[in-house]
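Asks: Dropping the structure in here first, questions after.
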Amino acid sequence: MTTAMTRAQVGGDKPQREATRQATYMPQFDIQEMDEGLVLYGDMPGVGPEDIDIRFENGELSIHGKVAPRQQNVSFLYREYGVGDYHRTFAVGESIDVEKICAEMRHGVLTIHLPKSEKARPRRIEVRAE
Amino acid sequence: MASMRWEPLAEVNRLRNEMDRVFGRYGDRRSSPLAAPAYPPMNLWEDDDNLFLEAELPGVGPEDLEIYVTGGNQLSLKGQRKRPETPQGTWHRQEREEGSYSRMLELPCRVDSEHVSAEFRHGVLTLTLPKSPEVKPRRITVKAE
């Protein structure tokens with residue numbers, strides 16, 4: 001979380017103007033819930049581990065992936081998709097252990113682990129026999 | 001004036017582009033029940049010497065992908081995408097495509113299949129397909145007298 005804060009401050013001091021404007025797209029996600037937490041898988045082809053910014057604030061998870069422009073000034077023979085940044089936010093209802101959030105990026109797929117806080121985990125209640 | 005000509009189709013296209021921008025990067029390609037979604041989506045462009053093909057295949061490793069060029073201008077791409085197998089848990093969302101896919105494409109010109117190169121980076125596949133010598137544009141020099 002500290003790194004995210006620092007980066008936000010740096011960004012605030014020196015707003016970086018981009019030379020080209022690209023569209024921003026909504027990446028597709030799978031979300032799985034397990035007893036110990038939530039796992040999110042997102043398709044973000046073209047995004048490297050260093051180009052991703054994930055923030056978790058007030059129960060809202062925000063994901064932003066930067067994609068460098070490719071194929072500028074070329075004439076397309078087929079064009080079935082556009083290239084641009086990715087952005088998506090999710091409202092997370094569960095109580096999450098913020099300190100233990102972790103994420104990895106592999107082959108253009110982002111995986112985010114959101115572990116539930118100790119009190120939100122399901123607990124099996126033992127019934128004592130008399 | 002040619003530039004002032006009313007082109008109704010261009011208007012429609014512009015509207016469609018606008019809708020694509022609003023509704024997503026694939027436009028109506030996926031949402032329309034009539035248009036079968038082709039997977040993976042591809043972009044194709046060229047320069048004088050090469051054709052370039054790019055396909056988005058997030059989550060596919062180089063080992064899960066087969067690329068063939070046959071007959072000089074037929075390109076086929078095969079592979080599969082798997083969802084991680086986890087014994088427990090419930091899925092809240094399943095938006096990502098999974099399963100095996102295969103796509104065949106007729107290239108607009110013949111290519112030198114011996115020298116096709118492929119690069120795979122962050123889930124984006126880029127193929128460089130050199131054009132056959134006979135289809136490359138040739139500059140004709142005009143001799144001065």
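Asks: Taking the range A:36-72, which residues are within 9 Å of chain B (Cβ to nearest Cβ) and without any contact (Cβ under 8 Å) to a residue 24 or more places away in the chain?
Replies: A:ASP51, A:GLN71
Asks: Moving on to the next point. Out of B:TRP91, B:TRP45, I need the residue that is more than 30 Å from A:ILE112 (Cβ to Cβ), facing chain A (nearest Cβ under 7 Å) and either part of a strand (DSSP E or B) or touching a strand residue (DSSP E or B) at 6+ places or on another chain (Cβ under 6 Å) (or both). Which one?
Replies: B:TRP45
Asks: Got a number for residues in the range A:21-35 being more than 7 Å from every other protein chain (Cβ to nearest Cβ) and under 14 Å from B:TRP91 (Cα atoms)?
Replies: Looking only at that region, the number is 1.
Asks: Something else now. So, B:LEU51, is that one within 9 Å of chain A (Cβ to nearest Cβ), part of a strand (DSSP E or B) and either under 18 Å from the mean Cα position of the chain (by Cα) or charged (D, E, K, R) (or both) or not?
Replies: Numbers: within 9 Å of chain A (Cβ to nearest Cβ): yes; part of a strand (DSSP E or B): yes; either under 18 Å from the mean Cα position of the chain (by Cα) or charged (D, E, K, R) (or both): yes.
For B:LEU51, the condition - within 9 Å of chain A (Cβ to nearest Cβ), part of a strand (DSSP E or B) and either under 18 Å from the mean Cα position of the chain (by Cα) or charged (D, E, K, R) (or both) - is met.
Quick grid of which residues meet (1) within 14 Å of chain B (Cβ to nearest Cβ); (2) surrounded by 12 or more Cβ atoms within 10 Å (Cβ to Cβ):
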residue	(1), (2)
A:SER75	yes, no
A:ARG79	yes, yes
A:TYR86	yes, yes
A:GLU99	no, no
A:GLY108	yes, yes
A:LYS116	yes, yes
A:ARG121	yes, yes
A:ILE125	no, no
A:ARG128	no, no
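Asks: Please go through the range A:110-130 and pick out each residue that is touching a Leu at 6+ places or on another chain (Cβ under 6 Å) and of a type outside the set (Val, Ile, Thr).
Replies: Matches in the range A:110-130: A:LEU114 only.
Read-outs throughout are calculated quantities, based only on the coordinates presented, and are distinct from any laboratory measurement. Because the structure is predicted, anything quoted here is derived from the model rather than measured. We place every Cβ from the backbone using ideal geometry, glycine too, and count neighbours over all the protein chains shown.
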